[in-house]
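Reading through the C-alpha coordinates given below for one structure.
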Amino acid sequence: MTSKESLFAILNAVGGLMFLAVLVTVCLAMAAAPVAVFIWLVYLMLKFLGVFA
(Lines give C-alpha, C1' and ligand atoms only; values in the text may rest on other atoms or scores of the structure.)
Protein backbone atom coordinates (compact mmCIF):
# COMPACT_ATOMS: atom_id res chain seq x y z
CA MET A 1 0.00 0.00 0.00
CA THR A 2 1.53 3.27 -1.11
CA SER A 3 1.30 6.49 0.88
CA LYS A 4 -1.15 7.84 -1.70
CA GLU A 5 -3.51 4.86 -1.20
CA SER A 6 -3.36 5.11 2.60
CA LEU A 7 -4.11 8.84 2.35
CA PHE A 8 -7.18 8.09 0.22
CA ALA A 9 -8.29 5.42 2.71
CA ILE A 10 -7.99 7.91 5.59
CA LEU A 11 -9.89 10.57 3.64
CA ASN A 12 -12.58 8.03 2.80
CA ALA A 13 -13.00 7.06 6.46
CA VAL A 14 -13.09 10.70 7.59
CA GLY A 15 -15.63 11.53 4.87
CA GLY A 16 -17.84 8.63 5.93
CA LEU A 17 -17.69 9.68 9.58
CA MET A 18 -18.49 13.29 8.70
CA PHE A 19 -21.43 12.14 6.55
CA LEU A 20 -22.78 10.06 9.46
CA ALA A 21 -22.31 12.97 11.87
CA VAL A 22 -24.20 15.33 9.54
CA LEU A 23 -26.98 12.76 9.08
CA VAL A 24 -27.38 12.31 12.87
CA THR A 25 -27.33 16.09 13.39
CA VAL A 26 -30.04 16.61 10.75
CA CYS A 27 -32.21 13.88 12.28
CA LEU A 28 -31.81 15.37 15.76
CA ALA A 29 -32.59 18.85 14.44
CA MET A 30 -35.75 17.60 12.71
CA ALA A 31 -36.85 15.83 15.91
CA ALA A 32 -35.98 18.79 18.17
CA ALA A 33 -37.44 21.57 15.98
CA PRO A 34 -41.15 21.00 16.90
CA VAL A 35 -40.21 20.65 20.58
CA ALA A 36 -38.18 23.86 20.47
CA VAL A 37 -41.03 25.73 18.74
CA PHE A 38 -43.52 24.43 21.32
CA ILE A 39 -41.29 25.49 24.23
CA TRP A 40 -40.78 28.92 22.59
CA LEU A 41 -44.57 29.37 22.19
CA VAL A 42 -45.17 28.39 25.84
CA TYR A 43 -42.46 30.84 26.90
CA LEU A 44 -44.08 33.63 24.86
CA MET A 45 -47.49 32.82 26.32
CA LEU A 46 -46.15 32.88 29.87
CA LYS A 47 -44.34 36.16 29.20
CA PHE A 48 -47.55 37.60 27.71
CA LEU A 49 -49.60 36.49 30.74
CA GLY A 50 -46.91 37.75 33.12
CA VAL A 51 -46.91 41.20 31.53
CA PHE A 52 -50.69 41.56 31.15
CA ALA A 53 -51.94 39.57 34.17
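The values are calculated or read from the model by the stated rules, or taken from the named source; none is laboratory data. Since we're looking at a predicted model, the values are computed, not measured. Side chains are part of the model used for accessible areas, which takes the heavy atoms of the whole protein and leaves out ligands, DNA and RNA. Shrake-Rupley method; radii C 1.70, N 1.55, O 1.52, S 1.80 Å.
Computed values, structure above
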{"item": "Helical mean residue ellipticity (222 nm; -39500 (n - 2.57) per DSSP H run of 4+; nearest 500) of the chain", "result": "-35500 deg cm²/dmol"}
{"item": "For the stretch 8-16, Karplus couplings with θ = phi - 60° (6.51, -1.76, 1.60), whole Hz, Gly/Pro x", "result": "5, 5, 5, 4, 4, 5, 4, x, x"}
{"item": "Residues of the stretch 3-53: accessible area per residue with a 1.4 Å probe, Å²", "result": "92 Å²"}
